[in-house]
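The values are calculated or read from the model by the stated rules, or taken from the named source; none is laboratory data. This structure is a prediction, so every number in the text was calculated from the model and none was measured. Ideal geometry is used to build each Cβ from the backbone, glycine not excepted, and the neighbour counts take in all protein chains shown.
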Amino acid sequence: MNTMHYKGYAARIEYSDEDDCFVGHIAGVNDVVGFHGDAVSELHTAFEEAVDDYLETCKKAGRSPQKPYSGNIMLRVPPEIHARAAMMAEAHGKSLNSWVTELLSTKIKHATK
């Protein structure tokens, strides 16, 4: 599975053998917004049109469009992990927030290669 990005939105992209084309859906919003294309350039255009249409539809309906993610993550971890992470962050001269952000970024980069 691959992703595309446009105006702060991301899309999950898959190939549909049944439809013989690429199919995408905007990720992280409750509304179902889909699009498709036979070629990558067509898919990019369809995604951008889907996002623009979603934003325009929300505007016409008088409601705010969902933003996929706020940037805030609430995690529940055992106290001993919290303590060790805080100590590791301090040992690296960083706040716990910046240390965890760096770890997540590194892990995501390795996972998407």
Taking only pairs six or more apart or across chains, which ones have beta-carbon atoms under 9 Å, a first residue in the range 97-113 that is under 14 Å from GLY71 (Cβ atoms), and a second residue that is exposed (fewer than 10 other Cβ atoms within 10 Å of the Cβ)?
-> VAL100/LEU75
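From the list ALA50, ALA89, pick out the single residue that is in contact (Cβ under 8 Å) with a residue 24 or more places away in the chain, in contact with a Phe, Trp or Tyr (Cβ under 8 Å, 6 or more places away or on another chain) and at negative phi.
Numbers: ALA89 fails: in contact (Cβ under 8 Å) with a residue 24 or more places away in the chain.
Answer to the check: ALA50.
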Which residues, counting only those in the range 87-113, are in a helix (DSSP H, G or I) and farther than 30 Å from ASN2 by Cβ?
-> MET87, MET88, ALA89, GLU90, ALA91, LEU96
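So is ILE81 of a type outside the set (Asp, Glu) and more than 25 Å from ALA10 (Cβ to Cβ) or not?
On the way: of a type outside the set (Asp, Glu): yes; more than 25 Å from ALA10 (Cβ to Cβ): yes.
In short, yes.
Yes or no: VAL33 loosely packed, with under 12 Cβ neighbours inside 10 Å and β-branched (Val, Ile, Thr)?
Details: loosely packed, with under 12 Cβ neighbours inside 10 Å: no; β-branched (Val, Ile, Thr): yes.
Judged against the criteria, VAL33 is not a match.
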Looking at this structure, is LYS60 loosely packed, with under 11 Cβ neighbours inside 10 Å and either farther than 27 Å from THR3 by Cβ or touching a strand residue (DSSP E or B) at 6+ places or on another chain (Cβ under 7 Å) (or both)?
-> yes
Scope the range 59-77; condition under 23 Å from ALA11 (Cα atoms) and assigned to a loop (DSSP other than H, G, I, E, B); matching residues | ARG63, SER64, PRO65, GLN66, LYS67, PRO68, TYR69, SER70, GLY71, ASN72, ILE73
Search the range 7-35 for residues that are touching a residue at least 40 places away in the same chain (Cβ under 8 Å) and of a type in the set (Lys, Arg) and pair each with any residue that is outside any loop (DSSP other than H, G, I, E, B) and surrounded by 15 or more Cβ atoms within 10 Å (Cβ to Cβ) when their beta-carbon atoms are under 9 Å apart and the residues are at least 6 apart or on different chains.
-> LYS7/GLU48; LYS7/VAL51
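Looking at this structure, is ALA50 in a helix (DSSP H, G or I), modelled with pLDDT of 95 or more and surrounded by 15 or more Cβ atoms within 10 Å (Cβ to Cβ)? Spell out how you get there, then give the answer.
Values: in a helix (DSSP H, G or I): yes; modelled with pLDDT of 95 or more: yes; surrounded by 15 or more Cβ atoms within 10 Å (Cβ to Cβ): yes.
The answer is yes for ALA50.
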